[in-house]
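What follows is calculated from the coordinates using simple rules that are stated; it is not laboratory data. Bear in mind that the values here come from a model prediction, so they are computed numbers and not experimental data. Positions of Cβ are backbone-derived with ideal geometry, glycine not excepted, and every protein chain shown enters the neighbour counts.
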Amino acid sequence: MKQTRTIAYLRVSTAGQADHGVSLDAQRAKVEAYAALYDLELVDVAVDAGISAKSLDRPALSGALARLESGEVEALLVVKLDRLTRSVVDLGSLVDRCNREGWALLSVGEQVDTRTAAGRMVLNILATISQWERETIGERTAAAMAHKAELGEYTGGKAPYGWTVAADGIHLEPNQGEQELITLARELRTAGLSLRKVGARLEGQGALPRNGKRWHAKTVRSLISSRAA
């Protein structure tokens, strides 16, 4: 039986991992063992050291994909799919590409082998679950941050206008001067002044935004919509 000519792809995301080589050595051992077990001809091992998976534009990966496209090798082997990409969109793109060009994708960790219908099904299921997990985590994070904000707790970044971060680093406390400015801006707006005129009136009293520049209509609107104490 003819062996499948295979190129393995290894990646570590930090320079420290690349320098120590522990992660790369572990990945290499796993792909070599997998190739021997499943009778693959391991032609080469491509390595991207200290490079993140935020895009598919990586030197070693690009080279491996070019060799697959040319037909020099017939399969791409990885230890885990997250070594290849963490993006569901990019993974889908790679799967479409391997189907179109006729090469196979194999993963040791997930036991994926797109040379079979079952392997392709498993890969599609994993991609769907991964997308669901990311969206669920995003929804939970957004809900938790909104709840913290409702409780007056600090959620990171700059404190909103009218507030400062308390000594405990968790809660927010009113900034008296900024709260008074918010109240004044609302009163002026309620009195019928345009946003631009409200800004001009604040500047006339020596009250400027945090960046020390002028009050523009957009920043005045934001000021008026700020959370009051």
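Observations on the structure shown:
- Summing Cβ point charges (Lys, Arg +1; Asp, Glu -1) relative to the Cα centre of the stretch 163-224 gives a dipole of roughly 560 debye.
- Of G212, G50, G71, the one that fluctuates the most in a GNM where the chain has Cα springs shorter than 10 Å: G212
- Where both bridge residues fall in the chain, DSSP classifies roughly 25% of the beta bridges as antiparallel.
- Local electrostatic count at S107 - Lys and Arg +1, Asp and Glu -1, tallied over other residues with Cβ under 14 Å: +4
- For K158, the lysines whose Cα comes closer than 28 Å to its Cα, not counting residues fewer than 8 places off in the same chain, are K54, K148, K197, K213, K218.
- Each Cα pair under 8 Å and six or more residues apart adds its separation to the average, and for the chain the resulting relative contact order is 13 percent.
- Residue (of A49, A66, T219) at the positive-pole extreme of the chain, dipole from beta-carbon charges: T219
- At least 18 Å along the helix axis (C-alpha) and Kyte average at least -0.5, DSSP helices within the chain: 22-37, 88-101, 117-150
- Förster-model FRET efficiency, 45 Å R0, R97 and K158, C-beta, rounded to 0.05: 0.55
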